[in-house]
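A short worksheet on the structure shown next.
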Amino acid sequence: MRAEEVLRRLISPGSLKRGDDYFVQGRVRSIVDNGDGLIDAEVQGTQLYDVQLTLVDDDLTVQCQCPWFEGQLEVCKHIWAAVRAAFAKGLLPERELYLIVDDPYEPAFDEDEDDEGEFVAQQLRPARTHRDERPQWQRLIEAVGQPPQSRDSAARNVPDEIAYVINPGIHAYGLSFEILGRSRKKGGEWGKWKRISLRLTDLPRLSPFDRETLALLQQRTYSDVLDAIASISSATTSWWIERLARAGKLYSGHRDGDLHPITWDDGPPWRLEIAVVNDAARSKYRVTASVARENETLPLERIDALANDILFSGGRASRVDTGDCLGWLNVLRANGLIEIPHADNERFRTALLRTPMANVTLPEELGWSVVDVRPQPVLALMHDSWGSELHGDLLFEYDDWRVSSRSTETQKTVGRKLIRRDRTNENRYRDRLGASQAVATWDGYRVRLTQLEELARTLSSEGWKIEIDSAPVRVADDFDVEITSGIDWFDLDARASFGDVRLALPELLAASEAKRSLLRLADGSYGIVPTSWTDALAPVLDLGKREGASVRFRSTQALLVDALLQSKLQKTDNAFADLRQRLIDAAPVPRQEPPTLTTSLRPYQRAGLGWLDFLRNLGLGGCLADDMGLGKTVQALALLEELRASGNTRPSLVVAPRSLLFNWAAEAKRFAPQLRVLEHHGTERTKNDFAGYDVVLTTYATMRLDVARLAETEFEYVILDEAQAIKNASSQVAKASRLLRAKHRLALSGTPIENHLGELWSLFEFLNPGLLGSARSFSRTFAAKTTPPERREALARALRPLILRRTKEQVAPELPARTEQTIYCELEGMQKKQYDELRDHYRQALLGRIRKGGIEKSRMQILEALLRLRQAACHPALIDPSYDAESAKSDLLMNELLDVIESGHRALVFSQFTSFLSIIRGALDRDGLDYLYLDGKTRDRQSLVEQFQSDDGPPLFLISLKAGGLGLNLTNADYIFLLDPWWNPAVEAQAIDRAHRIGRQKPVVAYRLIARDTVEEKILELQARKRELADSILSEDNSVLRRLEVEDLEMLLS
């Protein structure tokens, strides 16, 4: 194989192709063999590049001047064209060669210090040396590299001392330093100062101060050779002088060649004062200058130089306040005293107007009155063509003079009045604007339209003027809300005030709908409608219906509108004021139960009966949300019995879960035997005639199926028991409930909110249609992520008269204390292995799916994964039926149940997995323990309840959580075991309340069995969040409402 073909394998295709083209096109202008294996070539590219080929034995070292080679250190097209030309001329041998890329400025290897402080040798670019077939030992030896070589033939000397010398010609536009160095001779004396000749690689050998200083001065240098002359901009001159002088490194040059040190003066700044003095005796004016500080005066002739606010005198540098009079000082230093004859008075006055006079002391006879006033800041903005931003400038108003903050003018004469700028306050205003939402640019400032309102409101309150397109900007002072009432409605009108200009509600609504806060007012000025007003009005207006120039509401919405507007209602008519006051003053007034009721109500139940009567008189629906076990059913029966006893003949409809129908019928027979009760349920219900009955009992499923027939009757009351059944507003059951007709509506539920606020809307849309507006507006106003807490507090305040909530602790102190405890078990062996494998599988499968398609598209898969993980935490057999060993949780439960039975107590065991209960049943059967069992398929529930309540009945009752969580009175239980946590804590609370009810004489202990380090622990955390949601709207502590997010499910898979 030809040597040229071997080399081709070591070069990139791009360089090969373009190099071949260059060779064919004859771009190798010359190629010369200089002997000793050194070949020089010139290749024409964008310019003529030198290429060097060096052959030593079998190593061909290549180098090119082109930018690609110097930047990438890879074989370029110029090198390959030269190599081909060399082969063509016979300058390279026909044997196998090894290609080496040579960097003349760097060693082949670099030493880097690793993180642990050990030095490791790393080849900078392994591709430079192309030796694919060398023995391994040779590659390792050569990887050691050669000693680092300097570009210079000998080691470079660095000076022992460096000085930074200011040139004599200092001016106000910047400063230049000459950087000199000197070294000690062998005898110890100093050598001469010379300009430095250093490279960037020499910096580490200098002192820390010089190393840092030179690095800062060379930031704009693209060469590795340090400049001996450094130019400094005016903006940083003072900083550099102070830095170098404090370090003893600053010198001034002199024509005699000697350097003179300059030290830093830490005293107070010198102050320059220019004055025009009237020398009446000589009929002349004299311009004088003085530089002084405290009790010290500095003659002008002793000032060596000035640079910005730095003064040089006698080998010292100090601060100086020139007061914009530096030009005067330079003229006086150069020319000495300036005298003006009185005869040139007018010409002198005219000449003065063209000079910086702001801080010049003038005699009164020259005729100007000097005006020193505080500037008025003005942010003058203009619209940009693209509309997303405003641009403008910061201006200052001095009486009749308006000047840009970027102007260099220092004064202005208006007639005989001389107005001088106040730089101190101007700088303060400039800093204030810089700290705001305005963004400084090269031509002024820019403000986003979305930030204009906050900026205008803030700056206006601080005394600023704001202008847009030369028109003033006003921030609304206030807005008025007025309410007028009709028969069963009321109208709301609102107006915003901008000084003497008012904006009507339709314009405010249009701005709100367009999400605009900036409006053009009738007088041509601009008005900013605060978003805080929009936020306050928008949720209110969303609840009503647009009627001309106002918004109309139902009378039942008075409390909510009043709560949302808070103190903003400024004018209402008497009808609305009376209704609002009646609702505000609402409080449960105890009402005696009817004499025909066969039981005596407790005091809190009489208060509940009075509250129901209050709602009836107002025509409002309400939710009786007492704790489970406090007798919501008997309070409702007392109301229905009172209606019957008073002569009411219209039937009332009670809708309840099927499992509670027998309980309602039994309770009615027991406490209100004179009520005529019809159970509208079963296949024979089509024959039922509601006439002649006081109460019609039906189930939610029957209501949904028979809604058309039920809606034909206008009931006195429609009462929904366990009303959380209609929590899903889009469900058929919820829709059917809203079609029922009744004069009054009542909901009974210990947990009206189980998961989110949308359930509250569904409940109140049944109780008081339209009270909370549409579902969409309610969600947007109260249930969005960004809903402010005060808005939800307003909702709670408005609904408080319509929700009656009492806890056991409040109304039944004689009820035994309930103890809840969590018992943990540890998964071990095969069960832990199965759970970990299942968790890892779902985590890997689902998280990738969620990232690709989003959480909403993966919801069903996530719920399935969580179900399987919960089952695995309970018992492996729920996942793999072939598993025949026990689980950690079942072992723990059996031990606990044995202790319960041996101590003579009774227990309820709840699980949502009937298959898990079947496993527990098998274990109880094997141990010969007596128990009862109830799930969704059980028909004779009452018989089982009576057996357990009997003292000689079985001591254990296994119950499906969903089937037995409602409608059971099991007060004979001492212990409750919850085998698996449910998402909704309210469901668990209902299960516990099967035993912890009024009539219970002994304490109740509830145990939650939790498998540690599983999804069950995270469910407990989720339960705590849901309790906060429900408590915040039902209790009076007004804690913050938080809507559950889909992130809760992601957390469970973590």
Some residue of the stretch 834-844 being over 19 Å from Leu958 (Cα atoms), buried (at least 19 other Cβ atoms within 10 Å of the Cβ) and touching a strand residue (DSSP E or B) at 6+ places or on another chain (Cβ under 9 Å): yes
Among the residues of the stretch 713-723, is any more than 18 Å from Ile803 (Cα to Cα) and of a type in the set (Phe, Trp, Tyr)? yes
Here is a list: Asp500, Asp469, Asp431, Asp477. Which entry is modelled with pLDDT of 90 or more and surrounded by fewer than 16 Cβ atoms within 10 Å (Cβ to Cβ)? Asp431
Quick one: Gly936 ticks every box in (1) touching a helix residue (DSSP H, G or I) at 6+ places or on another chain (Cβ under 6 Å); (2) closer than 17 Å to Ala963 by Cα; (3) in a helix (DSSP H, G or I) except a single one, so which number is it? (3)
Going residue by residue through the stretch 716-732, is there one that turns out to be assigned to a strand (DSSP E or B) and small (Gly, Ala, Ser)? no
Yes or no: the stretch 22-40 includes at least one residue that is farther than 17 Å from Ile100 by Cβ and under 60 Å from the mean Cα position of the chain (by Cα). yes
Go through the stretch 386-409 and count every residue that is surrounded by fewer than 18 Cβ atoms within 10 Å (Cβ to Cβ), in contact (Cβ under 8 Å) with a residue 12 or more places away in the chain and closer than 16 Å to Arg374 by Cα. 4
I'm told Arg29 meets every condition in (1) surrounded by 13 or more Cβ atoms within 10 Å (Cβ to Cβ); (2) within 30 Å of Ser223 (Cβ to Cβ) except one. Can you identify the failing condition by its number? (1)
So Ala708 clears everything in (1) outside any loop (DSSP other than H, G, I, E, B); (2) closer than 27 Å to Gln557 by Cβ except one condition, right? Which one? (2)
Under the condition of being outside any strand (DSSP E or B) and touching a helix residue (DSSP H, G or I) at 6+ places or on another chain (Cβ under 6 Å), which residue from the stretch 260-306 is surrounded by the most Cβ atoms within 10 Å (Cβ to Cβ)? Ile262
Checking Glu5 against (1) out of contact with any strand residue (DSSP E or B) (no Cβ under 7 Å at 6 or more places or on another chain); (2) part of a strand (DSSP E or B), which test does it fail? (2)
Filter result for Arg859 (assigned by TED's automatic domain parsing to the domain that holds Leu892, surrounded by 13 or more Cβ atoms within 10 Å (Cβ to Cβ) and in contact (Cβ under 8 Å) with a residue 60 or more places away in the chain): yes
Among the residues of the stretch 684-705, count how many are in a strand (DSSP E or B) and not hydroxyl-bearing (Ser, Thr, Tyr). 3
Can you find, within the stretch 204-244, the residue that is surrounded by the fewest Cβ atoms within 10 Å (Cβ to Cβ) among those that are within 27 Å of Arg316 (Cβ to Cβ) and acidic (Asp, Glu)? Glu212
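Check Ser943, Ser960, Ser950 and return the single one that is within 20 Å of Ile992 (Cβ to Cβ), free of Cβ contacts under 8 Å to residues at least 60 places away in the same chain and of a type in the set (Ser, Thr, Tyr).
Checking each option against the conditions leaves just Ser960.
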If we keep only residues of the stretch 894-914 that are within 53 Å of the chain's Cα centre (by Cα) and part of a helix (DSSP H, G or I), then the residue nearest to Gln990 (Cα to Cα) is Thr914
Do we have any residue at all in the stretch 803-824 that's over 25 Å from Glu988 (Cα atoms), surrounded by 18 or more Cβ atoms within 10 Å (Cβ to Cβ) and not hydroxyl-bearing (Ser, Thr, Tyr)? no
Under 6 Å between Cβ atoms, which residue pairs at least 6 apart in sequence (or on different chains) link something in the stretch 59-84 that is of a type in the set (Asp, Glu) with a partner that is surrounded by fewer than 24 Cβ atoms within 10 Å (Cβ to Cβ) and modelled with pLDDT under 85? Asp59/Tyr98; Asp59/Ile100
Return only the number of the condition from (1) more than 21 Å from Arg1012 (Cβ to Cβ); (2) hydrophobic (A, V, I, L, M, F, W, C); (3) in contact with a helix residue (DSSP H, G or I) (Cβ under 6 Å, 6 or more places away or on another chain) that Ala872 does not satisfy. (1)
Taking the stretch 636-668 and the residues there that are polar (S, T, N, Q) and modelled with pLDDT under 95, the one that is surrounded by the fewest Cβ atoms within 10 Å (Cβ to Cβ) would be Ser646
Pair list, Cβ < 9 Å and 6+ apart or interchain, from the stretch 347-374 residues that are buried (at least 16 other Cβ atoms within 10 Å of the Cβ) and at pLDDT 75 or above to residues that are basic (Lys, Arg) and not in a helix (DSSP H, G or I): Val371/Lys417; Val371/Arg420
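The values are calculated or read from the model by the stated rules, or taken from the named source; none is laboratory data. Only a predicted model underlies this, so the values are computations on that prediction, with no experimental measurement involved. Positions of Cβ are backbone-derived with ideal geometry, glycine not excepted, and every protein chain shown enters the neighbour counts.
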